[in-house]
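Report on the following structure.
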Amino acid sequence: MTSPARHCLFYRFAARNRISVAHRNLPGLLIPLYLTVRTVITLVRALQKEPGTYPEFARALLACYTQVRTLPADSVQLLEPYLLLRDVFILNFVTVAAPVNTDVASWGPARVAGVMANMQAYVEGHPYPGTLIPEQS
């Protein structure tokens, strides 16, 4: 049978699952103890099953954190709606907070005008400010 540990993300996902189980089912003071014990048990089992595998374990664990992947080619189109959504939240915050907060009332109208100008330019076909510009090769 092929070990699921051959995938570089196995240890990270297994640890993530352990943490979520600990947070759901244990009192806060026991969580660090539980996670430490589970980590030690996992390492001991792995090393007993195949002695001399710790270097491979350490390499696999760290490999996922040293790899840098490039963004997909369509990342510009994927991220643009989030910039618009962010500015919609800003507009909502300013319009709700400005009547009751003098600090927001002082800078809010200028920010709203800027966001509205950005959105108008976007509707007219210009790239949204903050959008990543793809590199031309």
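The values are calculated or read from the model by the stated rules, or taken from the named source; none is laboratory data. If you're wondering where the values come from, they're calculated on a predicted model, not measured in any experiment. Virtual Cβ from ideal backbone geometry, glycine too; neighbours counted across all protein chains shown. These accessible areas exclude ligands, DNA and RNA; they are computed on the full protein's heavy atoms, side chains included. Shrake-Rupley method; radii C 1.70, N 1.55, O 1.52, S 1.80 Å.
You will find that of Ala110, Ala58, the residue that is of a type outside the set (Ser, Thr, Tyr), farther than 27 Å from Gly130 by Cα and assigned to a helix (DSSP H, G or I) is Ala58 and no other. Does Leu84 satisfy the condition of being assigned to a helix (DSSP H, G or I), at pLDDT 80 or above, under 21 Å from the mean Cα position of the chain (by Cα) and closer than 30 Å to Tyr122 by Cα? Taking the combined requirement at face value, the residue satisfies it.
A Cβ distance below 9 Å, combined with a sequence gap of six or more or placement on separate chains, defines the contacts here; from the stretch 44-57, residues that are farther than 15 Å from Ser3 by Cα reach residues that are among the small types (Gly, Ala, Ser) and open to solvent by less than 70 Å² (accessible area, probe 1.4 Å) in the pairs Tyr54/Ala46. For the stretch 9-44, filtering for residues that are open to solvent by less than 70 Å² (accessible area, probe 1.4 Å), polar (S, T, N, Q) and within 18 Å of the chain's Cα centre (by Cα) leaves 1.
Can Leu47 be described as under 30 Å from Ala22 (Cα atoms), part of a helix (DSSP H, G or I) and open to solvent by 90 Å² or more (accessible area, probe 1.4 Å)?
Taking the combined requirement at face value, the residue does not satisfy it.
Is there a residue being part of a helix (DSSP H, G or I) and either modelled with pLDDT of 80 or more or touching a helix residue (DSSP H, G or I) at 6+ places or on another chain (Cβ under 7 Å) (or both) anywhere in the stretch 69-77?
Kept after step one, since they are part of a helix (DSSP H, G or I), are these residues of the stretch 69-77: 75-77.
Cutting the leftovers down to either modelled with pLDDT of 80 or more or touching a helix residue (DSSP H, G or I) at 6+ places or on another chain (Cβ under 7 Å) (or both) gives us none.
No, every residue in the stretch 69-77 fails to be part of a helix (DSSP H, G or I) and either modelled with pLDDT of 80 or more or touching a helix residue (DSSP H, G or I) at 6+ places or on another chain (Cβ under 7 Å) (or both).
Here the condition is being outside any helix (DSSP H, G or I) and free of Cβ contacts under 8 Å to residues at least 60 places away in the same chain; of Val100, Val37, it holds for Val100 alone. Pairs meeting the criteria (first residue in the stretch 59-87 and without any contact (Cβ under 8 Å) to a residue 60 or more places away in the chain, second residue exposed (fewer than 11 other Cβ atoms within 10 Å of the Cβ) and acidic (Asp, Glu), beta carbons under 8 Å, at least 6 apart or on different chains) are lacking.
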